[in-house]
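> Before I ask anything, let me first share the structure, which is written out below as C-alpha cells.
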C-alpha cells in the first residue's frame, strides 16, 4: 500500500503507545510498518534527496508533532511515552488525527507560529500532507525541473558550434579531457564514421572515450546508436558516449545495455541535469542549509 503521510501515522502511533510503557522510536517504526502493511521496498523508499527513508521521516515527524502538542513526552534519548493529554486526545479525536486537531493545544500553536511574523501561521504542511523535509525537497525539485526545462530549450536553440563547446565545458567540469585546449581540439575533430570526438578519460590519457554529440529532432532510435557502436568497433574502442538534446528510444536503451563496448546514452533531460550539477549555463544564487538536532551533544557524562 502507499506510504501513509505523517498525519495518518499520528493516531496509530498514539494507539501503539497507549499502554503507558516506554517505547523506542525504532520499535514504533517497525510496528507501524506492520500496521500499514508496508513491504521492505516501501520502507526503504527514499526522499528525493536520497538521504533518508520516507517512512522513517514521516514517523519521526508524527512523533515530533504529537510531542509538541503535549501528547507524548521524551523519557530518554530515542524513547518516549504517552501523556495524560495523549490519552485524552486518543479518546476524543477522530479516526485520523490531523494538524487541525492539534491546534487546540496552545503549545502546538506556539510551535507552529513563526517567531518573526506571529500573525502568519503556516498551513501548507496540513494542506500538502508532507513533512517539512518533503516540502523543501519537493519545492527544490520543482524549481530544478523548471531550470532544466529552460536550459534544454536554450541548448536546442543554439548553434552546432555552441553545442560542441558546451559538451567540452561539461566534460571538463566532470573531470575528463585534460586541458581545455586538448578537449576543444578533440571534440568536433574526428567527424568520420559516426564519431564526433575523442577525449581523454583521465588527465594522463591512459584511456580515451569516443563521443557522438548531436542536436537531434525526434527520438534517437537503435539504428543511429548502432552506427555509433559500429564506428567504435572500427576503432577497437572500449567506451563511448552518445549525447543528444533529444531522447533515446526504448530499443536504443535496451541495445546498449546488452553490448560491448560500453556505451553511455545522455539524453536532453540528463544533459540539463548534468549542466545544473556542474554549473554549466547556470549561476548559484542562494544556498539554504538544513540542520538536525545533534542528540549526542546533549548527553551528560
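> Provide a single number: the residues in region 1-29 that are part of a helix (DSSP H, G or I) and either crowded, with 20+ Cβ neighbours inside 10 Å or in contact (Cβ under 8 Å) with a residue 24 or more places away in the chain (or both). If you could, list the steps in order and put the result at the bottom.
Step one: list which residues in region 1-29 are part of a helix (DSSP H, G or I), which gives 6-16, 25-29.
Still in the running and either crowded, with 20+ Cβ neighbours inside 10 Å or in contact (Cβ under 8 Å) with a residue 24 or more places away in the chain (or both): 6-15, 25-26, 28-29.
Residues that pass the stated criteria total 14.
> Also, I was wondering about something else. If I ask for residues that are over 18 Å from residue 211 (Cβ atoms) and more than 23 Å from the chain's Cα centre (by Cα), which ones from region 242-252 would you list?
Of region 242-252, the ones over 18 Å from residue 211 (Cβ atoms) are 247, 249-251.
Once the filter is applied, which keeps residues that are over 18 Å from residue 211 (Cβ atoms) and more than 23 Å from the chain's Cα centre (by Cα), region 242-252 yields 249, 250, 251.
> Just a yes or no: is a residue in region 225-235 touching a strand residue (DSSP E or B) at 6+ places or on another chain (Cβ under 7 Å) and within 30 Å of residue 141 (Cβ to Cβ)?
Step one: list which residues in region 225-235 are touching a strand residue (DSSP E or B) at 6+ places or on another chain (Cβ under 7 Å), which gives 225, 228-229, 231-232, 235.
With the extra rule that they be within 30 Å of residue 141 (Cβ to Cβ), the set shrinks to 225.
Yes, some residue in region 225-235 is touching a strand residue (DSSP E or B) at 6+ places or on another chain (Cβ under 7 Å) and within 30 Å of residue 141 (Cβ to Cβ).
> May I pose another question? Please pick out the residue among 218, 281 that is surrounded by 15 or more Cβ atoms within 10 Å (Cβ to Cβ) and on the phi > 0 side of the Ramachandran plot. Even if it seems obvious, please write down each step before you answer.
Working: 218 fails: surrounded by 15 or more Cβ atoms within 10 Å (Cβ to Cβ).
281 is the lone residue from the list that is surrounded by 15 or more Cβ atoms within 10 Å (Cβ to Cβ) and on the phi > 0 side of the Ramachandran plot.
> Please specify each residue of region 71-91 satisfying the condition of being in contact with a helix residue (DSSP H, G or I) (Cβ under 9 Å, 6 or more places away or on another chain) and under 26 Å from residue 130 (Cβ atoms).
71, 72, 73, 74, 78, 80, 82, 86, 89, 90
> Which of the numbered conditions does residue 259 fail, given that it passes all the others? Conditions: (1) in contact with a strand residue (DSSP E or B) (Cβ under 6 Å, 6 or more places away or on another chain); (2) not in a helix (DSSP H, G or I).
Unmet for residue 259, out of (1) in contact with a strand residue (DSSP E or B) (Cβ under 6 Å, 6 or more places away or on another chain); (2) not in a helix (DSSP H, G or I): (1).
> Taking helices (runs of 4 or more DSSP H) that do not extend beyond region 51-132, which have at least 1 residues that are modelled with pLDDT of 90 or more? Full working, then the answer.
Details: elements: 54-68, 84-92, 99-102, 106-112, 124-128.
Filter on region 51-132 gives 54-68, 84-92, 99-102, 106-112.
> For region 31-40, check the following and say yes or no: at least one residue is part of a helix (DSSP H, G or I) and closer than 24 Å to residue 112 by Cβ. Even if it seems obvious, please write down each step before you answer.
To start, the set of residues in region 31-40 that are part of a helix (DSSP H, G or I) comprises 31-35, 40.
If we keep only those that are closer than 24 Å to residue 112 by Cβ as well, we get 32.
Yes: region 31-40 contains one or more residues that are part of a helix (DSSP H, G or I) and closer than 24 Å to residue 112 by Cβ.
> Taking region 51-81 only, how many residues are farther than 20 Å from residue 100 by Cα and touching a strand residue (DSSP E or B) at 6+ places or on another chain (Cβ under 8 Å)?
Going through region 51-81, the residues farther than 20 Å from residue 100 by Cα turn out to be 51-57, 73-81.
Applying the additional criterion that residues be touching a strand residue (DSSP E or B) at 6+ places or on another chain (Cβ under 8 Å) yields 52-54, 73-75, 78-81.
The qualifying residues number 10.
> Does region 10-45 hold any residues that are out of contact with any strand residue (DSSP E or B) (no Cβ under 9 Å at 6 or more places or on another chain) and farther than 20 Å from residue 61 by Cβ, and which are they?
If the condition is that a residue be out of contact with any strand residue (DSSP E or B) (no Cβ under 9 Å at 6 or more places or on another chain) and farther than 20 Å from residue 61 by Cβ, then 37, 39, 40, 41 are the ones that fit.
The values are calculated or read from the model by the stated rules, or taken from the named source; none is laboratory data. It should be emphasised that the depicted structure is a prediction, and the values quoted were computed from it without experimental measurement. When we count neighbours, we look across all protein chains shown, and the Cβ atoms used for this are built from the backbone with ideal geometry, even at glycine.
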